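Below is one structure, written out as structure tokens, with a few remarks after it.
The values are calculated or read from the model by the stated rules, or taken from the named source; none is laboratory data. Model, not experiment: these values are computed from the prediction. Virtual Cβ from ideal backbone geometry, glycine too; neighbours counted across all protein chains shown. Areas reflect the complete protein model, heavy atoms only, side chains present, ligands, DNA and RNA absent. Shrake-Rupley method; radii C 1.70, N 1.55, O 1.52, S 1.80 Å.
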Amino acid sequence: LFMIPKKKSDQSFPAKPVFRNEKVLKLKRKSWAVNPSEQNVLVLDTPAFRIGEDGKWEKASEILRVDSKIKDFLGIQRRGGQMMQPWARKKNPAPEKTLVNLSYEFDVKEVPFGMLALALEKPETFKIAINGNKLSSDSESGFWCDRSLRTITFSSNLLKKGVNELTLECDYTEEHPGLEIIYILGDFSVKVS
């Protein structure tokens with residue numbers, strides 16, 4: 001942090017404190033049991049995608065880039081600092097629209113126990129499936145971190161060892177709020193590779 005006064009001053013700031021070891025205690029245990037205070041999170045932000053019913057599947061890309069490609073396809077304004085929020089715009093009685101499919105793949109080394117949750121914005125705008133098993137988007141169970149991130153619980157029995165697929169499908173129009181990162185919450189560990 002640089003402090004630049006408006007006028008020349010003799011004021012100085014104290015030096016950064018230097019810490020030193022007062023006591024070192026060697027612990028005999030090699031590992032410790034850890035109980036998390038909340039569920040862990042698997043971030044899903046790079047889906048493979050298809051624009052249009054007859055469109056070809058495109059390789060996985062960062063979700064905001066996917067959103068921009070869809071807007072370009074529809075000929076509507078991309079998101080940005082100067083755009084008007086979708087909820088504040090005058091509604092178009094016949095908006096441009098297209099079918100959009102998203103496919104997120106993730107690898108499961110050990111299937112977790114119990115219930116998990118999917119957290120996403122506007123779940124009611126999507127058809128959702130995990131490994132081909134449909135989830136009801138109107139079975140919301142609350143929210144995570146922010147009231148806009150709605151949660152839908154599902155059984156970990158829908159997962160399998162190895163590659164798993166979460167799919168989302170929606171009719172994307174200019175009134176759609178835009179695509180965002182989605183999350184799987186639960187009692188599991190996550191390794192980023």
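Points to keep in mind about this one:
- Subset of segment 160-193 [touching a strand residue (DSSP E or B) at 6+ places or on another chain (Cβ under 8 Å), of a type in the set (Val, Ile, Thr) and open to solvent by 50 Å² or more (accessible area, probe 1.4 Å)]: 163, 181, 190
- Condition met for residue 29 (surrounded by 10 or more Cβ atoms within 10 Å (Cβ to Cβ) and either touching a residue at least 40 places away in the same chain (Cβ under 8 Å) or farther than 24 Å from residue 145 by Cβ (or both)): no
- The residues of segment 133-186 that are farther than 17 Å from residue 103 by Cα, outside any strand (DSSP E or B) and in contact with a Ser or Thr (Cβ under 9 Å, 6 or more places away or on another chain), listed by number, are 139, 176, 177.
- Search result, residues across segment 90-115 that are under 22 Å from the mean Cα position of the chain (by Cα) and open to solvent by less than 60 Å² (accessible area, probe 1.4 Å): 99, 100, 101, 102, 103, 104, 106, 108, 111, 112, 114
- Out of 143, 154, sole residue that is open to solvent by 60 Å² or more (accessible area, probe 1.4 Å), free of Cβ contacts under 8 Å to residues at least 40 places away in the same chain and in contact with a Leu (Cβ under 6 Å, 6 or more places away or on another chain): 143
- Note on segment 116-126: residues that are touching a Ser or Thr at 6+ places or on another chain (Cβ under 6 Å) and buried (at least 16 other Cβ atoms within 10 Å of the Cβ) amount to 6.
- None of 125, 173 is modelled with pLDDT under 95, of a type in the set (Val, Ile, Thr) and in contact with a Pro (Cβ under 6 Å, 6 or more places away or on another chain) except 173.
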